[in-house]
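Single-structure report; data block below.
The values are calculated or read from the model by the stated rules, or taken from the named source; none is laboratory data. Computed from a prediction, not measured in an experiment: that's the story for all the values here. Reconstructed Cβ throughout: ideal geometry from the backbone, glycine too, with neighbour counts over all protein chains shown. The protein model used for the area step is the full one, side chains on, heavy atoms only, and it has no ligands, DNA or RNA in it. Shrake-Rupley method; radii C 1.70, N 1.55, O 1.52, S 1.80 Å.
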Amino acid sequence: MKKDIRKELQKRILVLDGAMGTMLQRYKFTEEDFRGERFKDFEHPLQGNNDLLSLTQPKAIAEVHAKYFEAGADIIETNTFSGTTIAMADYHLEDIVYELNYESAKIAKEVADKFTAENPAKPRFVAGAMGPTNRTASMSPDVNDPGFRAITFDELRIAYKQQVEGLLDGGVDVLLVETIFDTLNAKAALFAIEEVKEERNIDIPIMVSGTITDASGRTLSGQTAEAFLISISHIPLLSVGFNCALGADQLLPYVKRLSQKSPFYISAYPNAGLPNHFGEYDQTAAEMQALVRKYLEENVVNIIGGCCGTTPDHINLLAEIAQEFKPRTIAVSV
């Protein structure tokens, strides 16, 4: 029987996993570990390329996914945040992008299926993570040349399309276009998804999650929460929300705004507070739980999880309180 995330969202608040990077740091992988046997003689440094670990350290990736499911997560994200030719160009690994996405999805799917089989009443889902890339389509990276663009819409669309195909072939249940700082990049990703859906004659749920970059309440490309919502609402989305950049307390007002205006389900996965001077996150699981409780009391979310700095401990406490509350209802059908 095919598990349907839409049905589950009608019944309860779903819990998304926490940070993959935070967990992988615990392994203290060296350059040799990142390379594995396959890339032993590769001529460029590879340390820091977390997506590559799906090929060179697949057991570690599966372990992290399992820890989040054990903590109570309903949805895990594939280890593919940088899984495009654009982001992989930094490591000169553009030619393995399809394989990276396919293998990452397969690892996550195997873990999810195992947990679903153990408890069919709580089906587990895999979201294919599609990060923003390290280029921006609507702004110039050069202050002296405001008209310059480092990437075109079409280049983004082609790169995202390859990622989508790998993720779908690997078996993801949902596609998650996340950490959006430039909505034009997201539109390219959504265009690519729609193209693949049409070519394959399939319907896969799509989650979209933007990033409010600072106290101005805008994305990096200058959109307010409402403007961001309007500019992606032409696509029939499963959910829309915000993640990253801010902690739960700072993010809540913007999630609320989405909740008031959106015909879609709402997701939120904030950071574990703001980073300290060393770039580390100090917010404990209990502190984050107390802040996230407000989201649930105010009935503004359907999917809750954690971004940078969050661990299975954080997700465990979020899963605990998610059970106490009813999900936000949608006035307009998805």
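Dipole check for the chain: with +1 at the C-beta of Lys and Arg, -1 at the C-beta of Asp and Glu, and the Cα centre as origin, the magnitude is about 1220 Debye. When the chymotrypsin sites (Phe, Trp or Tyr not before Pro) in segment 1-92 are filtered for DSSP coil states and for at most 16 other beta-carbon atoms within 10 Å of their beta-carbon, the remaining sites are 27, 42.
For residue 106, which aspartates and glutamates qualify as cross-link partners when the Cα separation must be under 12 Å and same-chain residues fewer than eight apart are set aside? By straight Cα distance, residue 106 reaches 77, 169, 173. Across segment 55-67, rounded Karplus estimates of 3J(HN,Hα) from the backbone phi angles (6.51 cos²θ - 1.76 cosθ + 1.60, θ = phi - 60°) give 9, 9, 9, x, 5, 5, 5, 4, 4, 5, 4, 4, 4 Hz, Gly and Pro being marked x. Overall, the accessible surface of segment 201-245 at a probe of 1.4 angstrom is composed of carbon and sulfur to the extent of 57 percent. Once the 1.4 Å probe is applied to the protein heavy atoms, segment 180-334 comes out at 41 Å² accessible per residue. Most simply put, the chain has about 5% antiparallel DSSP beta bridges, counting only bridges with both residues inside it. In a fully extended conformation the segment linking residue 329 and residue 230 would gain 33.7 nm over its present Cα-Cα distance, using 0.36 nm per residue. Shown here: Rg and Dmax of the Cα atoms in Å, derived from the displayed model; of the candidates (i) 20.3, 67; (ii) 18.7, 58; (iii) 19.4, 66, it corresponds to (ii). Magnitude of the charge dipole for segment 168-251, about its Cα centre and with charges confined to Cβ atoms of Lys, Arg (+1) and Asp, Glu (-1), is about 180 debye.
Inter-label distance, residue 70 to residue 274: 3.5 nm, where each label sits 7 Å from its Cα along the C-beta direction.
Relative contact order of the chain, taken over Cα pairs closer than 8 Å and 6 or more residues apart, is 19 percent.
Distance between the pseudo-spin-label points of residue 152 and residue 63 (7 Å out from Cα toward the beta carbon): 4.5 nm. The relative contact order of segment 91-221, computed from alpha carbon pairs under 8 Å that lie at least 6 residues apart in sequence, is 27 percent. Extension gain, residue 200 to residue 44: 0.36 nm times the residue separation minus the Cα-Cα distance gives 52.5 nm.
Phi-derived couplings, Karplus 6.51 cos²θ - 1.76 cosθ + 1.60 at θ = phi - 60°, listed residue by residue for segment 230-244: 4, 6, 10, 6, 6, 9, x, 8, 6, 8, 9, x, 10, 8, 6 Hz, with x used for Gly and Pro.
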